[in-house]
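Nothing in this text is a laboratory measurement; each read-out follows from the coordinates by a stated rule. Remember, it's a predicted structure, so these values are computed and weren't measured experimentally. With ideal geometry, Cβ positions are generated from the backbone for all residues, glycine too; neighbour counts draw on all protein chains shown.
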Amino acid sequence: MKALVLEKKGVLALREIDLPSHVGPNDVKIAIHTVGVCGSDVHYYTHGAIGKFVVNAPMVLGHEAAGTVVELGSDVKNFKVGDRVCMEPGVPNMNSRATKLGIYNLDGDLTFWATPPDHGCLTPEVVHPAAFTYKLPENVSFAEGAMVEPFAVGMQAATRAHITPGDVALVTGCGPIGIMVALAALSGGCSKVLISDVSAPKLKIAAQYPGIIPVNILEQKLADAVLAATDGWGVDILFEASGSPRVYPTMFDHVRPGGTVVIVGLPVDPVDFNIPAAVVKEVRIETVFRYANVYDRAIDLIASGKVNLKPLISETFSFEDSIKAFDRAVEGRPTDVKLQIRMST
Ligand code: ZN
């Protein structure tokens, strides 16, 4: 089947490749409609690796997808051909201890689309377990369906934060994930969310959402903005979504006594934590690795209209132009949040 293949670092090809097509009893076959271009796909393209995951063989990219069910496994009862769906790209070992505990995102045997050695979904058809496939309500488009995956990371962060209604949050980093975290935090009950970055265009995109307050740290000290927004008290929750080690030295200064820090961004190298600063405030520290058990709630929020991800879709490319889409992502235009590839019309 034709697919967007990362041959090796820096080399993409749109070509035929052998992919599994057998539909097992608990699987569905899905005709892919829309796939989002993710920072991780782009990182594999430009660097050939993320941490311990190294591209040693050609790999199909893409993990943020929506499409239509075209074939059902013999034991699948809860879908029918023609259902519009989105898919969770990580599939755990269903018998593992982590899966049984509900923390299947932490299962050591988890396979994840477009994470070496597993192929992704930038191809016209995929076979996927029905258990990790989710129906899209009529009012949720395929484009929004393909946004559920990155939004799920925000959902996981908001869930781990244990938000109390009215909480004030700060998100450090205004990339796609930072914005997703801010939207999930607002929908989870935060009264306002400050979001900090050095990029004025990115902050402008985030600021179009009511409740999100942009802080350009080139123009304003973050500490001043936080104290002004919280009457000198500090935020209830700080979500770190930049992955930048520069956030860490002053991180706990922004949090109120008894507040929470949620680490979402994954720094490339180990970073120093100012533990004494955290201890004297009894800060609760949470971490986020992908997500588990949030897809249904993410889809419901989008369908309810409480979360509108459409303004974050910057441009849509055809499958034939998918290499162009990736080169555009590498360019890193500050006005681009999410680029998508549409497999069919
Ligand atoms: Zn992604």
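List of remarks:
- Between 254, 169, 155, the Cα set farthest toward the positive side of the dipole of the stretch 153-287 (charges on each charged residue's Cβ, about the Cα centre) is that of 155.
- Whichever lysines have a C-alpha closer than 21 Å to that of residue 29, once near sequence neighbours (fewer than 8 apart) are set aside: 2, 77, 80, 135
- Beta bridges per DSSP with both ends in the chain, % antiparallel, nearest 5: 55
- The stretch 104-152 versus the stretch 191-229: alpha-carbon centroid distance in Å: 31
- Sorted by Cβ neighbour density within 10 Å, fewest at the top, the residues 1, 59: 1, 59
- Residue-averaged 222 nm ellipticity for the chain, from DSSP H runs of 4+ at -39500 (n - 2.57), nearest 500: -6500 deg cm²/dmol
- Taking other C-beta atoms within 10 Å as the exposure proxy, 262, 153 rank 153, 262 from fewest upward.
- Only Lys, Arg, Asp and Glu carry charge here, each on its Cβ (+1 for the first two, -1 for the last two); on that basis the chain has a dipole of about 220 debye about its Cα centre.
- Listed residues 163, 177, 50, most fluctuating in the chain (Gaussian network, C-alpha, under 10 Å): 50
- Extended-chain gain in nm, criterion 0.36 nm per residue less alpha-carbon gap, residue 289 and residue 318: 7.4 nm
- Ranked packing of 110-117, 154-161, most packed first, by mean Cβ within 10 Å: 154-161, 110-117
- In order through the stretch 20-28: 3J(HN,Hα) via Karplus (6.51 cos²θ - 1.76 cosθ + 1.60), integer Hz, x for Gly, Pro: x, 10, 6, 8, x, x, 9, 9, 10
- Whichever lysines have a C-alpha closer than 18 Å to that of residue 8, once near sequence neighbours (fewer than 8 apart) are set aside: 52, 324
- Counting every C-alpha pair in the chain, the share spaced more than 32 angstrom apart comes to 30%.
- Relative contact order of the stretch 153-287, taken over Cα pairs closer than 8 Å and 6 or more residues apart, is 23 percent.
- Where Rh is the Kirkwood radius over Cα pairs, Rg/Rh for the stretch 153-287: 0.92
- Note on the stretch 153-287: with charges restricted to the Cβ of Lys and Arg (+1) and Asp and Glu (-1), its dipole about the Cα centre is near 220 debye.
- Relative contact order (%) - criterion: Cα under 8 Å, at least six apart; region: the chain: 18
- Measuring between their Cα centroids, the stretch 255-269 and the stretch 51-71 lie 29 Å from each other.
- Proximal charge balance of residue 256 [Cβ under 11 Å; K/R count +1, D/E count -1]: -4
- For the chain, built as a Gaussian network whose Cα springs stay under 10 Å, the top-fluctuating residue of 253, 269, 27: 269
- Stretch gain in nm, segment residue 327-residue 139, where the contour uses 0.36 nm per residue and the Cα spacing is subtracted: 64.5 nm
- FRET efficiency estimate (nearest 0.05) - Cβ-Cβ, residue 224 to residue 344, R0 45 angstrom: 0.35
- Straight-distance candidates among the aspartates and glutamates for linking to residue 310, with alpha-carbon spacing under 20 Å and chain neighbours fewer than 8 residues away dropped: 64, 88, 138, 144, 149, 296, 300, 336.
- Those residues of the stretch 11-30 whose amide nitrogen sits under 20 Å from the label point placed on residue 95, 7 Å along Cα→Cβ: 24-27
- Taking other C-beta atoms within 10 angstrom as a stand-in for reagent exposure, 252, 317 fall in the order 317, 252, fewest first.
- Amide proton proximity set for residue 259, modelled H, under 5 Å, gap of 5+: 284
- Distance in nm between pseudo-label sites at residue 8 and residue 297 (7 Å out along the Cβ direction from Cα): 4.5
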